[in-house]
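Structure, as C-alpha cells:
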Amino acid sequence: MDIVEELIKRAQKELQKIKIQTLGKTGTVTSYQQRNKRQKKTNLVSETAKNSISNNSSELKAAIKGKFGDKLSDTFDHQKKLLAHL
C-alpha cells in the first residue's frame, strides 16, 4: 500500500505543477492580449489627436495672421511631431 500511496502523491504533485504552469501561461496570454488592446487604443487616440491638431492648425493659420499666428502654427507643428513619435 505504501508504494501505491507514494505514486498517488507523486501524481498529485505533478498535477499541481501542471495546474500552476497552466495558470501562469494563461496569465501571460491574457496580459499580452490586454497590452495589444491598449496599444491599439493608444494608436487610435494618437491618430485622432494628430488629425485634430492638423485641422486646427490650418484653420487657425488662415484666421490668425502675424507673429502670433506663426508661433501658434509652430506650436501645433511641434505637437504633431511629438504625437508622431508615440
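The values are calculated or read from the model by the stated rules, or taken from the named source; none is laboratory data. Note that the coordinates shown come from a computational prediction; the quantities given were computed from them, not determined experimentally. So basically every Cβ, Gly included, is an ideal-geometry build from the backbone, and we count neighbours across all protein chains shown.
See the values below:
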quantity	calculated
Residues (basic (K, R), under 21 Å from T42 (Cβ atoms) and loosely packed, with under 13 Cβ neighbours inside 10 Å) located in the range 53-86	K81
Residue within the range 35-42 that is surrounded by 10 or more Cβ atoms within 10 Å (Cβ to Cβ) and either touching a helix residue (DSSP H, G or I) at 6+ places or on another chain (Cβ under 8 Å) or in contact (Cβ under 8 Å) with a residue 40 or more places away in the chain (or both) present	yes
So S31, is it part of a helix (DSSP H, G or I), modelled with pLDDT under 90 and surrounded by 10 or more Cβ atoms within 10 Å (Cβ to Cβ)	no
